Amino acid sequence: MKTDICMTSYDFINNPFQSLVVDVTNRCNMACGYCYNPERLPVDMPLEDFERLCSTLPSPVLMKLSGGEPTLHPDLPRFIKIAHSYGHLVYIISNGLRYNEPEFLDSLVKIKQSGARFSSGISMDGGYANRRAYEVINSGDYLQEKLNAFQALVDSGLTRICLSAIIVRGFNEDVIPQLVELALKNPKAVRYIHIRNAGNVGRWEETEPYKIDDIKRMTRDLFTEEQFEQRCVAELHCSPTSGRDCCYRFRPTPRLQISLLEFFTKQASLCPKRGRVKVGSDRIEPLFLSMGMPEG
């Protein structure tokens, strides 16, 4: 049975969550098969609504700018600056395609130079070699575009890069060591790796999703026992005794943190730390409830 915090929506001032996914736009330039947000009307969050959210929250949060594809919002650099000004940690959940546009990437560099700290995410569900995974999971041959975008990020000097991948059973398990390799080859730039399962959504509705123990098993052999020891800095963390074993974070090097995450399962739906704000909404919902998680 779900806890009350996982079944209730909240006013901004009463936000209980440490992490907020903020859908700043419904627009997207990809059509991934696992997407939980099929709404694609070109609706953007107004700047004033975002500032009201940032200023009203009772305490700083880890603010994950999402959508849709957040880099399509024309005011994204200003969103980052506003969130930073109110003390929130900012992470851009992005497919990364717009990092191939020099003018857009330069706008992020200028925000960094102004003193705003943020992490630039790039999803690489096919890693650096699995073209078939991009075709099946992301509905297109994005391999070269993703590699170009990653290199552009590295060359830009935006040194808080997060590589992420959604692992679909039978399609892209090989991506885990590929992302680790990219991170270790670019230690000054890549600070985070996020690996999670695909849920029973979209074209994967009938696919059995991996659980956290499966993802840990696929990752463990890449590291020594000491490197794989659970350790977390500056990100959501539950102790091993919390009873919510759907996340595992470790730091194989002083500059790299790897997060293994279980999504779209009953266990994950009990997480009391993640909320979501949709475009046009003045309420904060539990993340998994707002994604339409089944209650069974």
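Residues whose amide H falls under 5 Å from that of residue 222, counting only those 5 or more places apart or on a different chain, are absent, with hydrogens built in the peptide plane. Counting Lys and Arg as +1 and Asp and Glu as -1 over every other residue whose Cβ lies under 13 Å from the Cβ of residue 104, the net charge comes to -3. Summarising the amide proton neighbourhood of residue 8: residues at separation of 5 or more, or on other chains, whose placed amide H is nearer than 5 Å comprise an empty set.
Quick one: plug the Kirkwood hydrodynamic radius of region 64-185 (C-alpha pairs) into Stokes-Einstein at 25 °C, 0.890 mPa s, and report D in µm²/s.
Details: Rh = 14.8 Å.
In µm²/s, the coefficient rounds to 166.
Residues whose amide H lies under 5 Å from that of residue 121, counting only those 5 or more places away or on a different chain, are 92, 94, 162; hydrogens are built 1.01 Å from N in the peptide plane.
Candidates 73, 43, 87 compared by Cα position along the dipole of region 6-119: farthest toward the positive end lies 87, with charges placed on Cβ. What is the local net charge at residue 285, summed over the other residues whose Cβ is closer than 9 Å to its Cβ (Lys, Arg +1; Asp, Glu -1)? Here the count lands on +3. Taking only alpha carbon atoms, region 1-154 gives an Rg to Rh ratio of 0.99, where Rh is the Kirkwood radius.
Coordinate-derived values only; no laboratory data. Every value quoted in this text rests on a predicted model; they were computed, and no experiment measured them. Note that each Cβ is placed from the backbone with ideal geometry, even for glycine, and that neighbours are counted across all protein chains shown.
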